[in-house]
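Working notes, beginning with the structure itself.
The values are calculated or read from the model by the stated rules, or taken from the named source; none is laboratory data. No experiment lies behind these values; they were computed from the predicted model shown. Because the Cβ atoms are built from the backbone with ideal geometry, glycine has one as well, and the counts that use them run over all protein chains shown. Ligands, DNA and RNA are excluded from the accessible area calculation, which covers all protein heavy atoms including side chains. Shrake-Rupley method; radii C 1.70, N 1.55, O 1.52, S 1.80 Å.
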Amino acid sequence: MRCRAALAGLFASVCLSPHAFAGQRNMAVVKTIAHQEGDARLDYASIDGVSRRLYVARGFGVTAVDLDTGKVTRQLVAGQHVHAVIPLPGGRALSTNGDTNTATLFDGNSGKVFAQIDTGRDPDAAAFDPVSGLVFVMNAKDGDATLIDPIGGKAVGRVSLGGKPQFPVVDGHGRLFVNIEDQNKTAVIDTVGRKILGSYALPGCEGPAALGIDSESAVLVAACANRTAVAIRAADGKVIAQHLPIDRKPDAVIFDAANWSFYIPCGRDGTLAVISESNDGALTVRASVSTAVGAHTGALDSKTGRLYLPTADYHLTFSGIAPADGTFRILVLGLQP
């Protein structure tokens, strides 16, 4: 049985039933932040808990939202098909530019640019590792990661991953995990040694995109293109749960530590899968919450427990579907009584 710290006069360790946690309540859309000007392309979202800012990667740059006042800054910093925005210590942030094979290091409040840094081809998702102090940028077309020193503002190396990397997460102990989409596995990187340690198979998973981690229990959850999620142990890759049903186009797995829940926004069907983690480590798909078609990424505000999912209206094109200009908005979800 898993235990969590609690404050009851003195600090103590207590073990509680999962039904005692707010994560057993239903999520629902409680408001919408509308900012519908221009280009509606969007990708990953992130939150800087210190500055209380939500960042959204957009086709033209980075949009920022003050979580306390609701003020929207449409273009905090310019970019070229931005895929990810990573908050960094000291108020800085880094965004990846898929069209120019660069990353932009900037001030997270003012948008002042400190450096433009060369990456590999099609830099996509990224993660900051507090142990090594490096940002790891996943290069989708090169099958590797560019390592960036955010203090020096420069690239300091690359690590080959042997396939197309998707979303990375770190465990806070010097290891980074990233799904390799075209090989149906999760690669493991030693962030200090700057080398790949191996990989874990994801049985029953086709096209793993999103990845999330519960650092306390050391559980990884991978969301796959074939409408399923797989949970494995970060220590050795042992499968904990598989065939967890989700919907199509999952691009984020967001862990809510306060409620022992993994949230998976599925953009093609406009749903949010809620996977609950029990005291004994079992995982269960507890709910499928209606959101909006196109809401495939998101970020959690740990202070309020609210979930922010950027989206837009989509229309048919010759190459598939595309977001309609002038329809960008952010759905805000909260736990219901």
Using the per-residue mean of other Cβ atoms lying within 10 Å as a proxy for protection, in what order, highest first, do the peptides 266-277, 32-43 fall? 266-277, 32-43
Once the Cα atoms of the range 199-249 are picked out, what are the Rg and Dmax in Å? 10.1, 28
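Using a 1.4 Å probe on the protein heavy atoms, what percent of the accessible area of the range 213-314 belongs to carbon and sulfur?
Numbers: 1670 of 3500 Å².
Result for the range 213-314: 48 percent of the exposed heavy-atom area is carbon or sulfur.
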Principal axis extents for the range 174-215, Cα atoms only, whole Å, descending order, please. 31, 21, 13
Given +1 on the Cβ of Lys and Arg, -1 on the Cβ of Asp and Glu, and no further charges, what dipole in debye does the range 152-308 carry about its Cα centre, rounded to the nearest 20? 440 debye
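Given a 1.4 angstrom probe, I'd like the percentage of the accessible area of the range 85-161 that is carbon and sulfur, rounded to a whole number. Could you put the intermediate results ahead of the total?
Values: 1310 of 2810 Å².
Here it works out to 47 percent.
Hey, what's the Cα Rg ratio for the range 272-319 versus the globular rule of thumb, 2.2 N^0.38 Å? Please report the intermediate quantities before stating the final value.
Details: Rg = 14.8 Å, N = 48, 2.2 N^0.38 = 9.6 Å.
Normalised by 2.2 N^0.38 Å, the Cα Rg of the range 272-319 equals 1.55.
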For the range 87-217: relative contact order, % (alpha-carbon pairs under 8 angstrom, 6 or more apart): 15 percent
Kirkwood hydrodynamic radius over Cα pairs of the range 65-118, then Stokes diffusion coefficient at 20 °C and 1.002 mPa s, in µm²/s: 186 µm²/s
Along each principal axis, Cα extent of the range 186-321, largest first, Å: 44, 35, 29
As an exercise, find the ratio Rg/Rh for the range 37-104 from alpha-carbon atoms, using the Kirkwood inverse-distance average for Rh. 0.95
Given a Förster distance of 30 angstrom, what is the FRET efficiency for Ser290 paired with Lys238, based on the Cβ-Cβ distance and rounded to 0.05? 0.35
With r as the distance between the Cβ atoms of Arg194 and Arg74 and R0 = 45 Å, compute the FRET efficiency 1/(1 + (r/R0)^6) and round to 0.05. 0.75
Over the chain, what is the relative contact order in percent, taking alpha-carbon pairs closer than 8 angstrom and at least six residues apart? 15 percent
Cα-Cα pairs above 21 Å in the range 239-316: how many percent? 26 percent
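Over 19 Å, how big is the tail of the calculated P(r) for the range 137-194, in percent of all Cα pairs? Could you put the intermediate results ahead of the total?
On the way: 422 of 1653 pairs.
That tail contains 26 percent of the Cα-Cα pairs.
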Rg/Rh for the chain, where both radii come from Cα atoms and Rh is the Kirkwood radius: 0.94
Violations at 27 Å Cα threshold for listed pairs Lys164/Lys238; Lys141/Lys238; Lys141/Lys185 -> Lys141/Lys238
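Using the scaling law 2.2 N^0.38 Å as the reference, what is the normalised Cα Rg of the range 89-204?
Numbers: Rg = 13.7 Å, N = 116, 2.2 N^0.38 = 13.4 Å.
The value comes to 1.02.
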Roll a 1.4 Å probe over the protein chains and send me the accessible area per residue for the chain in Å². 41 Å²
Cα centroid separation, the range 265-291 to the range 225-260 (Å): 9 Å
For Val131, other-chain or 5+-apart residues with amide H closer than 5 Å (H placed, Pro excluded) are Gly174
